[in-house]
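J.: Take this structure first; my questions come after.
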Protein chains: 2
Amino acid sequence: MLKANDPGLHSWIEIAADSDFPIQNLPFGIFTTPDRDPRVGVAIGEYILDLCVVAQHNMFELIDLDPNVFHRPYLNEFIALGKPIWRAVRNRVSELLRNHNEEISGNSDLIRECLVEQYKAQMLIPVQVPNYTDFYSSIEHATNVGTMFRDPANALSPNWKHLPVGYHGRASSIVVSGTNIHRPKGQTKAPQADAPAFGSCRQLDFELEVAFITGRETALGQSITPDQADDYIFGLVLFNDWSARDIQTWEYVPLGPFLAKSFGSSISPWVVTLDALEPFKVKGPEQDPRPLSYLEFTGNHHYDINLEVLLQPAGGRANCISRSNYKYMYWNMNQQLAHQSSNGCNIQVGDVYASGTISGSTRESYGSMLELTWGGTQPITLPDGTQRRFINDHDTIIMRGYAGRNGTRIGFGEVRTKILPAI
Amino acid sequence: MLKANDPGLHSWIEIAADSDFPIQNLPFGIFTTPDRDPRVGVAIGEYILDLCVVAQHNMFELIDLDPNVFHRPYLNEFIALGKPIWRAVRNRVSELLRNHNEEISGNSDLIRECLVEQYKAQMLIPVQVPNYTDFYSSIEHATNVGTMFRDPANALSPNWKHLPVGYHGRASSIVVSGTNIHRPKGQTKAPQADAPAFGSCRQLDFELEVAFITGRETALGQSITPDQADDYIFGLVLFNDWSARDIQTWEYVPLGPFLAKSFGSSISPWVVTLDALEPFKVKGPEQDPRPLSYLEFTGNHHYDINLEVLLQPAGGRANCISRSNYKYMYWNMNQQLAHQSSNGCNIQVGDVYASGTISGSTRESYGSMLELTWGGTQPITLPDGTQRRFINDHDTIIMRGYAGRNGTRIGFGEVRTKILPAI
């Protein structure tokens, strides 16, 4: 019998070759339509499989779960059931959608009941987020920022290669793709000015990140090793860590980024499981010095995921302004989760752990305007002739990602956010 | 008719003169007993008034609320009803408990049903905390820390007098008084060492703080002025922001405190309402330079609340090691909430906003071991002859607070935490 990731699998649903959502992917999300209240779905081609309906028809009866778990406005309750259940549900969905399986495809009424066209659905935020951490794990990004703001000769802080630097972020302002965000206001101080002023941010930036979502909790005082982390991680989303650079510069010493970040962070709606990404594991960069033992891991925990950022001006076309890859990370997510829990901090279901800006080694692969325009000194010229040092009002930022090899494409869809003027 | 705060009010319940919970206080909390599942209660003398039972007997029938709102394991749903409802419920509870009111006192069965002795109940965490921010708003504390770790001549960072510096903390590890906390492990680096090491924290500290809890949400993009903040703040609790100084020193540059804090923070179980504290408002310190207009306020928003910290060694007596006061704050909570929301960050019901360590100007009033022992260089000697530079395993830290004048005492109870060895 073929496994859910087998590139030879085909579905009875017609799926374009460049779709993000072939039968090998099957990411989970929360959707609603005028006729369906919020519930769990799985993306397949241009459709969503409504797991609430599938469960009502007893098609998960061999899996130990309450069918109502899919009739919820967040994935939290489902993913709290644990990895054996996520895996069993994904495998069963794969079976139901395969060529020659007639449990759904053999009944046209059932097809209409179970499948929703994606363009008719509204995607909601997939999880209720109890805690959010943002790491800073790309050595190229940390080096670029350190070079610009601190000392080019000592761009990385002394701790950087010894631990995955991170900070707690604001959970309340994480929003799903498609949610507009107003330009923040805040306190800033120009280097020459005598005193700070309050007003609209003038250096609004994106940060290209990938975030993992946990599906299993720990008790306060307990820790997770890097090798145990796979059992705690449900899947990944694209993450745009919106940043107000001018606010950040003035506020962040001594206690770190605060209002420069908390006005909004955007995530993609489909959570791509670690299981779907298994074939795209790659070796990460050599870590020198060797990490302390609580950060040591076996096997590969980096993932080859192509990432791109597009900037779409009001009324114009989307232009690609950056191409990066999640495999560029110095610290991997297993090390991040081990570090987060190393002091006994308890992990909760639905927590979001973002990677930090993912920059590569070349200018084209930098994951923020700060780096792409080198602090605003080298503006980008768009095909329409306009220039950008940072993000303008009415610009839309779109991030996309996919893992691909030998014709199989495991895509993330996109995270798309339009910036509106300050209120 | 007498108002709920009138010092002339008396209850039909006998209340000791030094009780934290006279009829003028009436703080809200969540409790459980072997016979009663988690629910909302109000502290009165040595008792808890069970609001779930009071509501079942239709004694809130003139207030527009669903009586089931008191039959919940967290206060969030009740406080989300808004200030007019909190106030109406507190006023009604005051009426029911007053001398000569016989609605409860006239029926001995009803008294037994409505009142629970505090020693028979277990207090639970009062709110589910969606977001937690820790400010840094005591000028004495910030000056002490800046003097020790940065530059005595420039102890305050340049932004400190222009904005209430703060950072996002970890919500998951906030626990209620009585919950033991294990000494954290973490990565540290001695100044002379070549490389960092991983092990048990050797500089475990408390921080004496007061936190406010919000009871009203805002939409993303909206801001609150300092004068509007009163409508958003439900009440206050004592807050012990446990800190691992050696972990903090190594990790906090450049992105702020992270694992040095997230292993646990302890709060007192009774939320004292702003209404109960109204008579204890005082003028705060002069703010020079004058804050920007979004931080300007009218009236008094500081509160005269006496605070103390006691250290109890295993098997020994509790010794007072610090006496401070919430009125020492430079930035008040209305300014803190205005700053937090100034960038459009959305506020949620149950958010916890802690003050930062509250230190006074004299050694006896410092709110952390770091300051009391000046970085561990001047140990405290306890009456049993033992010394402390930081906190030992099996030590218990107790924080207490009360506002008092002319015989009225509005108390907070306590937050008590025992430190267990690292796991």
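J.: Can you give me the Cα centroid spacing of the range A:91-116 and the range B:229-277 in angstrom?
T.: 51
J.: Please report, in debye to the nearest 20, how large the charge dipole of the protein assembly as shown is about its Cα centre when each Lys and Arg carries +1 at its beta carbon and each Asp and Glu carries -1 there.
T.: With only Lys, Arg, Asp and Glu charged at Cβ, the dipole is about 1580 debye.
J.: Compute the relative contact order of the range A:28-124 as a whole-number percentage, counting only Cα pairs closer than 8 Å that sit 6 or more residues apart in sequence.
T.: That works out to 35 percent.
J.: Rounded to the nearest 0.05, what FRET efficiency do residue A:14 and residue B:227 give with R0 = 45 Å and r taken as the Cβ-Cβ distance? Could you check?
T.: 0.15
J.: A further question follows. What trypsin sites (Lys or Arg not before Pro) in the range A:1-110 are in a loop by DSSP, with at most 12 other Cβ atoms within 10 Å of the Cβ?
T.: Details: sites: A:3, A:36, A:39, A:87, A:90, A:92, A:98; in loops: A:3, A:36.
Those satisfying the criteria are A:3.
J.: Compare B:236, B:310, B:208 in a GNM of chain B, Cα atoms joined below 10 Å, and give the one with the largest fluctuation.
T.: Greatest mean-square fluctuation among the candidates belongs to B:310.
J.: Just to verify a number: FRET efficiency for residue B:405 and residue B:61, C-beta to C-beta distance, R0 = 45 Å, to 0.05?
T.: 0.80
J.: Further question: Using a Förster distance of 35 angstrom, determine the FRET efficiency expected from the C-beta separation of residue B:253 and residue B:122, and round it to 0.05.
T.: About 0.25, to the nearest 0.05.
J.: Which value, in nm² and rounded to one decimal, describes the direction-averaged projected area of the C-alpha convex hull of the range A:28-124?
T.: Here the figure is 5.8 nm², rounded to one decimal.
J.: Taking residue B:83 as the anchor, which aspartates and glutamates have their alpha carbon closer than 17 Å to its alpha carbon, excluding any fewer than eight residues away along the same chain?
T.: Straight-distance partners of residue B:83: B:64, B:66, B:217, B:227, B:230, B:231, B:275, B:278, B:351.
J.: By the gyration tensor of its Cα atoms, with a ≥ b ≥ c the square roots of the eigenvalues, what is the shape of the range A:316-356: rounded for a/c under 1.5, prolate for a/b over b/c, or oblate?
T.: It comes out oblate by the Cα gyration axes.
J.: Relative to 2.2 N^0.38 Å, what does the C-alpha radius of gyration of chain B come to as a ratio? Two decimals please. Don't skip to the answer; put the middle values down first.
T.: On the way: Rg = 21.6 Å, N = 423, 2.2 N^0.38 = 21.9 Å.
Cα Rg divided by the expected 2.2 N^0.38 Å: 0.99.
J.: In whole Å, what are the extents of the protein assembly as shown along the principal axes defined by its C-alpha atoms, from largest to smallest?
T.: 80, 64, 52
J.: A follow-up question, please. Per residue and in Å³, how big is the convex hull formed by the alpha-carbon atoms of the range A:75-210?
T.: So the per-residue Cα hull volume is 204 Å³.
J.: In degrees, nearest 10, range 0 to 90: what is the angle between the Cα axis of helix B:83-97 and the longest Cα principal axis of chain B?
T.: 60
J.: Helix A:139-149 versus the longest principal axis of chain A: what angle, 0 to 90°, nearest 10, using Cα atoms?
T.: Value to nearest ten degrees: 30.
J.: Could you please state, rounded to a whole Å, how far the C-alpha centre of the range A:197-228 is from the C-alpha centre of the range A:56-79?
T.: First find each Cα centre; the distance between them is then 27 Å.
J.: When we measure straight from the Cα of residue A:189, which lysines land under 16 angstrom away, once same-chain ones fewer than 8 places off are left out?
T.: Partners found: B:161.
J.: Report, as an integer, the average count of C-beta atoms from other chains found within 10 Å of each Cβ along B:284-292.
T.: Average per residue, whole number: 1.
J.: Using a Gaussian network model on chain B with a 10 Å cutoff between Cα atoms, which of B:354, B:155, B:171 fluctuates the most?
T.: B:155
J.: Determine the distance separating the Cα centre of the range B:374-402 from the Cα centre of the range A:278-301; give it in Å without decimals.
T.: 42
J.: Give the share of C-alpha pairs in each 10 angstrom bin for the range B:212-321, from 0 to the last occupied bin, in whole percents, shortest bins first.
T.: Per 10 Å bin, starting at zero, the Cα-Cα P(r) for the range B:212-321 comes out as 10, 26, 34, 25, 4, 0 percent.
J.: Per residue of B:214-222, how many C-beta atoms from partner chains lie within 10 Å of its own C-beta, taken as a mean?
T.: 3
J.: Run the paramagnetic zone check for residue B:103: 7 angstrom along Cα to Cβ, then residues of the range B:6-24 with backbone nitrogen under 16 Å.
T.: Label zone hits: B:11-13.
J.: Let me ask another. Taking neighbour Cβ counts within 10 Å as the exposure measure, how do A:283, B:185 sort from fewest upward?
T.: Final ranking by Cβ density, sparse to dense: A:283, B:185.
J.: If the limit is 20 Å between Cα atoms, which of B:185/B:261; B:3/B:281; A:283/A:327; A:261/A:327 go over it?
T.: A:261/A:327
J.: A follow-up question, please. Just want the ordering: B:134, B:230, A:205, from fewest to most Cβ atoms lying within 10 Å of their own Cβ.
T.: B:230, A:205, B:134
Coordinate-derived values only; no laboratory data. In this text, all values refer to a predicted model and were calculated from it rather than measured experimentally. When we count neighbours, we look across all protein chains shown, and the Cβ atoms used for this are built from the backbone with ideal geometry, even at glycine.
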